Amino acid sequence: MKQRHSREGDHLDDAEDVVVRGGELDAELLRAAAVRNHDIYGVYGVSVFALRGLSLDEMAQQVQLVRFDCLTVMKVGTIRSAGIRLEPTGHTPRHFDVTFDHLDDGVGRLCRCEHEAIANPYHEP
């Protein structure tokens, strides 16, 4: 198993903070992504990006998200109230994983979170 990079002490404090995930909240795709993450790092999780000083329009243009024709937008408070975690990962202060202990339960909770799916005008196939 690979050591997962974590930014100690970094967290999203405000329930109104916004995170963005590439793609829609499709249970099968989320399950596959969470399993891949588990196989590599030993924890079920899926990537999201915190706006942190960027507008949603600016975030949609980021290299990590232009490959998605749709973006899912959620508030941090919504994720936390669903009983799932946001953990800082990677080398960028915007990257977080939504993590959970049990695959199907976690995916279900994430899919039931209030969210907005928007078209990404900067999508590059």
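Keeping to the stretch 25-37, report how many residues are over 19 Å from I79 (Cβ atoms) and without any contact (Cβ under 8 Å) to a residue 24 or more places away in the chain. Steps first, answer last, please.
Pass one, the stretch 25-37, residues over 19 Å from I79 (Cβ atoms): 28, 32, 35-36.
If we keep only those that are without any contact (Cβ under 8 Å) to a residue 24 or more places away in the chain as well, we get 28, 32, 36.
Of the residues in the stretch 25-37, 3 are over 19 Å from I79 (Cβ atoms) and without any contact (Cβ under 8 Å) to a residue 24 or more places away in the chain.
Regarding the stretch 74-84, can at least one residue be identified that is among the polar types (S, T, N, Q), modelled with pLDDT of 95 or more and over 18 Å from G23 (Cβ atoms)?
Restricting attention to the stretch 74-84, the residues satisfying the condition of being among the polar types (S, T, N, Q) are 78, 81.
Still in the list and also modelled with pLDDT of 95 or more: 78, 81.
From what's left, over 18 Å from G23 (Cβ atoms): 81.
Yes.
Just a yes or no: is a residue in the stretch 56-75 surrounded by fewer than 16 Cβ atoms within 10 Å (Cβ to Cβ) and of a type in the set (G, A, S)?
Checking the stretch 56-75: not a single residue is surrounded by fewer than 16 Cβ atoms within 10 Å (Cβ to Cβ) and of a type in the set (G, A, S).
Could you tell me whether A82 is exposed (fewer than 15 other Cβ atoms within 10 Å of the Cβ), of a type outside the set (D, E) and within 15 Å of the chain's Cα centre (by Cα)? Spell out the reasoning first.
Values: exposed (fewer than 15 other Cβ atoms within 10 Å of the Cβ): no; of a type outside the set (D, E): yes; within 15 Å of the chain's Cα centre (by Cα): yes.
For A82, the condition - exposed (fewer than 15 other Cβ atoms within 10 Å of the Cβ), of a type outside the set (D, E) and within 15 Å of the chain's Cα centre (by Cα) - is not met.
Report yes if some residue within the stretch 2-9 is without any contact (Cβ under 8 Å) to a residue 24 or more places away in the chain and surrounded by 13 or more Cβ atoms within 10 Å (Cβ to Cβ); otherwise report no.
Within the stretch 2-9 (the criterion being without any contact (Cβ under 8 Å) to a residue 24 or more places away in the chain and surrounded by 13 or more Cβ atoms within 10 Å (Cβ to Cβ)), the answer is no, since none of the residues qualifies.
When you look at E24, is it exposed (fewer than 14 other Cβ atoms within 10 Å of the Cβ) and at pLDDT 95 or above, yes or no?
No, not satisfied.
Among I79, I40, I118, which is in a strand (DSSP E or B) and touching a residue at least 12 places away in the same chain (Cβ under 8 Å)? Quick ask: steps written out before the conclusion?
On the way: I79 fails: in a strand (DSSP E or B); I40 fails: in a strand (DSSP E or B).
When all the criteria are applied, what remains is I118.
Restricting the first residue to the stretch 84-102 and requiring it to be within 17 Å of D39 (Cα to Cα) and touching a residue at least 40 places away in the same chain (Cβ under 8 Å), which pairs with a second residue that is in a strand (DSSP E or B) and among the aliphatic types (A, V, I, L, M) meet a Cβ separation below 7 Å and a spacing of at least six or different chains?
Sorted first by the residue in the stretch 84-102, then by its partner, the pairs are D97/V46; V98/V46; V98/V48; V98/L86.
Pairs please, first residue from the stretch 52-69 and free of Cβ contacts under 8 Å to residues at least 60 places away in the same chain, second anywhere and in a loop (DSSP other than H, G, I, E, B), Cβ atoms under 6 Å, 6+ apart in sequence or on different chains.
The qualifying pairs are R52/R94; M59/L51; V66/Y122; V66/E124; F68/G23; F68/N120; D69/N120; D69/H123.
The values are calculated or read from the model by the stated rules, or taken from the named source; none is laboratory data. This structure is a prediction, so every number in the text was calculated from the model and none was measured. Here the Cβ is made from the backbone with ideal geometry for all residues, glycine too, and neighbour counts use every protein chain on show.
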